[in-house]
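Structure record follows, encoded as structure tokens.
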Amino acid sequence: MEKYKVRDVAEVIESFAPLSIQEKWDNSGLCIGSPDAPVTSVLLGLDCTPQLVDEAVACGADMIVTHHPLIFSGLRKISPEEPVGLAVMKAVSAGISVYAAHTSADKVIAGVSGAMAGKLGLENVEVLDAEGDGIGLGVVGDFPVPLTAQEAIALVKERFGLKSLRTSRPAECLITRAAMCGGSGSSLIDKAMESGAQLYLCGDVSYHHFFTRPGFMIMDIGHYESEIQIVDILFSLLKKNFPTFAVRITENIYSNPIYYF
């Protein structure tokens, strides 16, 4: 069996989502472990929680790959009383490497936002906030058939498996074009309007952003719900490139810290 190292897994991910394109505030890449550490099994999830590290230990995975970075900024202390500190301690103790593809995977069209567009069957999909060379945050595309606001709501709930969602005042016009950004996307609302979209999907929308102009509608489908498909994308990428060792998705995929009642 061919032997692989952490750097080999990282190189494959970065061929899809280069670290050079991540946002300046982000911390994508390897945050725990050595690039030269051997890898025989990878466990994938959206968030590197203490529970995910325990699962990696139980299934024999020596590397964890997530979308959200375990460490966003400098830690003032590492304590088992805090979820991040506990996850760090567990991973280091077990010798597990931890890697994240966050905004690096957000800014490629085949990444988070592109997957959202794929779920809705959009056509003519392009980057919303383009930075050149086909990269940037968010995407925008056209519905094959114009939809009423109620039809769009029903479609989004069905395709994303949602019991509920938050929207601004439903648009009274037909919706032919939609923009979207996985995760916290409020910063791109103006870009969405400039793109000619009548509908914008993202997560973490604050109260005041729901005051929209006529003919434009916002849907907050949830941070977790808008991003979870990236786990399957990363799984397919690694499975294709490393067919000789175990690549698995966490059995506890639902790591959403938000509860709905």
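Within the accessible area of the chain, what % is carbon and sulfur when the probe is 1.4 Å and the other protein chains stay in place?
54
For the chain, what does the helix formula give at 222 nm: sum of -39500 (n - 2.57) over DSSP H segments with n ≥ 4, over the residue count, nearest 500 deg cm²/dmol? Each step should come with its number before you reach the end.
On the way: 9 runs with 81 residues, N = 261.
Helices in the chain give a 222 nm mean residue ellipticity of -9000 deg cm²/dmol.
So which lysines can residue 163 reach, going by Cα to Cα under 22 Å and dropping same-chain residues fewer than 8 places off?
Output for residue 163: 119.
Leaving out ligands and nucleic acids, note down the accessible area per residue over the chain with a 1.4 angstrom probe, in whole Å². Don't jump to the answer; show the numbers that get you there.
Details: 12700 Å² over 261 residues.
Accessible area per residue: 49 Å².
Within 10 Å of each candidate Cβ there may be at most 11 other Cβ atoms; applying that plus a DSSP loop requirement, which chymotrypsin sites (Phe, Trp or Tyr not before Pro) in the stretch 175-250 survive? Mind showing how you got there, number by number?
Working: sites: 200, 207, 210, 211, 216, 224, 235, 245; in loops: 211, 216, 245.
Sparse-neighbourhood loop chymotrypsin sites (Phe, Trp or Tyr not before Pro): 211.
Tell me the Kirkwood hydrodynamic radius of the stretch 1-158 in angstroms, computed as one over the mean inverse distance between distinct C-alpha pairs.
Values: mean 1/r = 0.0576 Å⁻¹.
Result for the stretch 1-158, one decimal place: 17.4 Å.
For the stretch 93-165, which trypsin sites (Lys or Arg not before Pro) pass both filters: DSSP loop (anything but H, G, I, E, B) and at most 16 other C-beta atoms within 10 Å? Walk me through the intermediate numbers first.
Numbers: sites: 107, 119, 157, 159, 163; in loops: 107, 163.
Within the stretch 93-165, the qualifying trypsin sites (Lys or Arg not before Pro) (loop, at most 16 other Cβ atoms within 10 Å) are 163.
For the stretch 116-261, give the share of DSSP beta bridges that are antiparallel, in percent and rounded to the nearest 5; count only bridges with both residues there. Don't skip to the end; give the middle numbers.
Details: 13 of 21 bridges.
That works out to approximately 60 percent antiparallel.
If I model a spin label as a point 7 Å beyond the Cα along the Cα-Cβ vector, how far apart are those points for residue 151 and residue 232 in nm?
Here the modelled spin labels are 2.5 nm apart.
How large is the dipole of the chain about the Cα centre if only Lys and Arg carry +1 and Asp and Glu carry -1, each at its Cβ, rounded to the nearest 20 debye? The partial results should precede the final answer.
Working: 20 positive and 31 negative charges, 58 e Å.
Around 280 debye, computed over the chain.
When we measure straight from the Cα of residue 107, which aspartates and glutamates land under 14 angstrom away, once same-chain ones fewer than 8 places off are left out?
Residue 107 reaches 14, 23, 26, 126, 129, 131, 133, 227.
Using a cut-off of 18 Å between alpha-carbon atoms, which lysines can reach residue 240, once sequence neighbours fewer than 8 places away in the same chain are excluded?
Leaving aside lysines fewer than 8 places away in the same chain, those within reach of residue 240 are 3, 5.
Just to confirm my numbers, what's the Cα centroid distance between the stretch 50-71 and the stretch 118-197 in Å?
First find each Cα centre; the distance between them is then 32 Å.
Just read off the accessible area of residue 167 with the full protein assembly in place, 1.4 Å probe, to the nearest 10 Å².
Rounded to the nearest 10, the figure is 50 Å².
At most 16 other Cβ atoms within 10 Å and a DSSP loop assignment: could you name the GluC sites (Glu not before Pro) in the stretch 119-188 that fit?
Values: sites: 123, 126, 131, 151, 158, 172; in loops: 172.
Hits after loop and neighbour filter: 172.
The values are calculated or read from the model by the stated rules, or taken from the named source; none is laboratory data. Bear in mind that the values here come from a model prediction, so they are computed numbers and not experimental data. Glycine gets a Cβ as well: all are built from the backbone with ideal geometry, and neighbour counts include every protein chain shown. With ligands, DNA and RNA removed, areas are computed over all heavy atoms of the protein, side chains included. Shrake-Rupley method; radii C 1.70, N 1.55, O 1.52, S 1.80 Å.
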